[in-house]
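Beneath this line is the structure, given in structure tokens, with notes to follow.
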Amino acid sequence: MALGDNTSAIGWMFRSSHLKPDSPYYTTVLFIARHLTRQLLASSHCLFRQHLKGNINIVADLLTFTYQWRDGGKRNPLTCDNPSNEELTNRYHLFLHHLIPQGFRISPLPDEILSFAMQ
């Protein structure tokens, strides 16, 4: 089961067949979708998506916005002063250590990675 607080992030796998061949992401998405499909077919598993609301999935919800307030008035107490990635990582370890792995770290994407989220 694929769990997450972002329905669209999980749902991309199910909607990837609707991506137009002239999209700059087409080849990459097709590669990922086919790889995942081959892995699932070779196993005794299936894939089912389930949405977890942010109030249940605290860390993922807080990572979805970086400023003090989000639309709708939701507050992110860890980012009220727009901290650096290093400081924000320290805050997650200090306040949410029981919800994250020991090696958790926030870092920017390398320049050579084109993020789907940036388009």
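The values are calculated or read from the model by the stated rules, or taken from the named source; none is laboratory data. Note that the structure is predicted; figures quoted are calculated from it, not measured. Methodologically, a virtual Cβ is constructed for each residue, glycine included, from the backbone with ideal geometry; neighbour enumeration extends over all protein chains shown. Quick note on the areas: whole protein, heavy atoms, side chains included, nothing else; ligands and nucleic acids left out. Shrake-Rupley method; radii C 1.70, N 1.55, O 1.52, S 1.80 Å.
Some notes on this structure:
- Answer residue from region 54-96, given it is closer than 13 Å to ILE106 by Cβ, aliphatic (A, V, I, L, M) and not in a helix (DSSP H, G or I) and is modelled with the lowest pLDDT among those: LEU78
- Search result, residues across region 1-25 that are at pLDDT 70 or above, open to solvent by 70 Å² or more (accessible area, probe 1.4 Å) and part of a helix (DSSP H, G or I): ARG15, SER17, HIS18
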